1. Look through B:Phe63, B:Phe59 and report the one residue that is at pLDDT below 85, out of contact with any Cys (no Cβ under 7 Å at 6 or more places or on another chain) and either assigned to a helix (DSSP H, G or I) or more than 14 Å from chain A (Cβ to nearest Cβ) (or both).
2. So which residues in region B:224-236 are at pLDDT below 95 and out of contact with any helix residue (DSSP H, G or I) (no Cβ under 6 Å at 6 or more places or on another chain)?
3. From the list A:Gly49, A:Gly37, pick out the single residue that is within 14 Å of chain B (Cβ to nearest Cβ), touching a Pro at 6+ places or on another chain (Cβ under 6 Å) and in a loop (DSSP other than H, G, I, E, B).
4. Collect the residues in region A:69-81 that are facing chain B (nearest Cβ under 7 Å) and in contact (Cβ under 8 Å) with a residue 60 or more places away in the chain, keeping them in residue-number order.
5. Residues that are among the aliphatic types (A, V, I, L, M) and surrounded by 13 or more Cβ atoms within 10 Å (Cβ to Cβ), at least 3 per element: which helices (runs of 4 or more DSSP H) completely within region B:183-244 meet that?
6. Select from region B:1-48 the residues that are more than 14 Å from chain A (Cβ to nearest Cβ), among the small types (Gly, Ala, Ser) and within 21 Å of the chain's Cα centre (by Cα) and list them in ascending order.
7. Being farther than 30 Å from B:Lys7 by Cα, within 12 Å of another protein chain (Cβ to nearest Cβ) and buried (at least 22 other Cβ atoms within 10 Å of the Cβ) narrows it down to one of A:Val17, A:Val85, so name that one.
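The values are calculated or read from the model by the stated rules, or taken from the named source; none is laboratory data. Given the structure is predicted, the values throughout are model-derived calculations rather than measurements. Please note: Cβ atoms are built from the backbone with ideal geometry, for glycine as well, and neighbour counts cover all protein chains shown.
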Amino acid sequence: MITIENLTKYYGNNKAVNNISFTINDNEILGFLGPNGAGKSTTMNMIAGYLPMTSGKVTIFGSDISKDPIKAKKNIGYLPEIPPVYPDMKVTEYLSFCAGIKQVPLSKRKDEIKRVLALLKIEDVKGKLIRNLSKGYKQRVGFAQALLGDPKFIILDEPTVGLDPNQVIEVRKLIKELKKDHIVIFSSHILSEVSEVCDRVVIINKGDIRAIDTIENLESTFSSSLSLHIKVKGSKSKAASIIEMTDGVKELLSIDNEGNDIYAFTVQLEGDAEEIQDKLMADLLQNQIRIVEVYTDKPNLENVFIDLINRPVQKESLADLLDEIVPETTDTDETDTKEED
Amino acid sequence: MFSIFKKELQSFFYTPFAYALASLFMLLFTYMFATSIAKLETSNRLMFSFTEIFYDLLFFFIFLIPIITMRSFADERKLGTEVLLMSSPLSVGKIVIGKYLANITVFLFMMLGSVFFPIVTEMNGKVVVSQLICAYIGFFAWGAMFIALGMLISSLTESPITAAIIGEIVMFADLFIDDFSGTAFISQYPKLQSGLNAFAAQPRFAYFSQGFIRLSDLVFFASAIIVFIAWTYISIEKRRWNRG
């Protein structure tokens, strides 16, 4: 079992990873999901023992990575974001070097190299210089390196980037096979990949964990609460107060100014969506507010993901939400940072 | 540690790198050797000194040593392979020492080429072997120190070229410390002068080339090597902490 407790990383004054904790159970594939710059690679580098953490603790099968790094690292196979290959080496030379630094016994090295070459299907390039390989092959050579010595904990940072669709399928199959007697954590920003391969996902954004759960649970939690998008023309404060008052509206999530006096509201509903939608529209029309567009989100992992990532910090009141609208269309990211400042 | 050593040697000897360096060194030595012999014809002395050749070669070596060491850590960082080394069950100390030993081996390989000249001379004349051995020991100690220094500089940057240029500047400065401290201006401040002299490596090499092996010189070189290696270790660890 791998435990990560209160992991925090500062780059200077910049907080890259904020107090994250989770555990990975035996025979589990954990997906690590987040947009670019969310802190995925930083976290993985810390778990692999490359970057020291500012505070927190990573325990790999009982050994603390900071206190007993040699013992902990013996159980880790790590494929970083950029495959760590030497362009001037041949594939077998490179793997033999890696087997050496991973302290694979001399007598087993040849067999080990053969095994990983076969697993990644790169036997055909074993005699080539790495500099002459395509990106997909380099990626797979990097992956092969991570499996050398059969470590029980495999960390893969975006392992399918740069592979062609065929190779992606093969690599995913391989990851699933690894599950039998390994613990795998792998990061990605491709949702279909995560939902196909992983048992559980950790969703992270701006260094914070947004959710940790199985994919089924995430989807079902969010399917019970539908999001309704409604665009109206007219007084925004009047529309906002009507929306807030309507029964079945759980929460008014955001208001965006679309220009030309048109405002887009995102509303979280509770209960029978159609009924609430009809009532809401009737109320708005009665108050001479024109409805430009109405639609509801179908819940799927993508929406769950976008919702979790983009969900603004909870607003205190309706007034706060209304204040937030700036004349031109606003970027949610920008408003987020402003608040943090 | 042996894996690192082996890999470093491969990167020197499986590429033209080490051979190009060694032939450049041979070329320089040949030039010095030939001019020394040419001088014999104009003077009425019938002897010349290999140790003098070594002494003059130090100047050229300032340019060769940073080229050996420039890639040590800067290249790993540039390629992204530093992650591989740091996440493997190898301590940073072992990585540094493995690389240091490989660089020393390349240096020895270059020195080996120069043995050719005394052998040729011995075949046609007489060589003072004891003095020559002293010069070799001194030359080795001097090179070993500058290799450690070059590695330290390589660990501070991400670009091998920058590492080489900074290395050359620093080593050049060290070569001229004793000339500088001997100037009239510095002589006015004896404390400063002796302070500067303490860092000068060249006069210490001069003792070796004259056939003296002094304990103080050996201690100087050995402690400088230890300081630079330890500093390299610290600089790598520090970079990991501050990286961002």
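1. So the residue among B:Phe63, B:Phe59 that is at pLDDT below 85, out of contact with any Cys (no Cβ under 7 Å at 6 or more places or on another chain) and either assigned to a helix (DSSP H, G or I) or more than 14 Å from chain A (Cβ to nearest Cβ) (or both) is B:Phe59.
2. Answer for region B:224-236, where residues must be at pLDDT below 95 and out of contact with any helix residue (DSSP H, G or I) (no Cβ under 6 Å at 6 or more places or on another chain): just B:Ile234.
3. A:Gly49
4. A:Lys74, A:Ile76, A:Tyr78, A:Pro80
5. Where helices (runs of 4 or more DSSP H) fall fully within region B:183-244 and carry at least 3 residues being among the aliphatic types (A, V, I, L, M) and surrounded by 13 or more Cβ atoms within 10 Å (Cβ to Cβ), they are B:215-242.
6. Quick first cut of region B:1-48, residues more than 14 Å from chain A (Cβ to nearest Cβ) only: B:19-48.
Restricting the remaining residues to those that are among the small types (Gly, Ala, Ser) gives B:20, B:22-23, B:34, B:36, B:38, B:43.
The answer is B:Ala20, B:Ala22, B:Ser23.
7. Working: A:Val85 fails: farther than 30 Å from B:Lys7 by Cα.
A:Val17 is the lone residue from the list that is farther than 30 Å from B:Lys7 by Cα, within 12 Å of another protein chain (Cβ to nearest Cβ) and buried (at least 22 other Cβ atoms within 10 Å of the Cβ).
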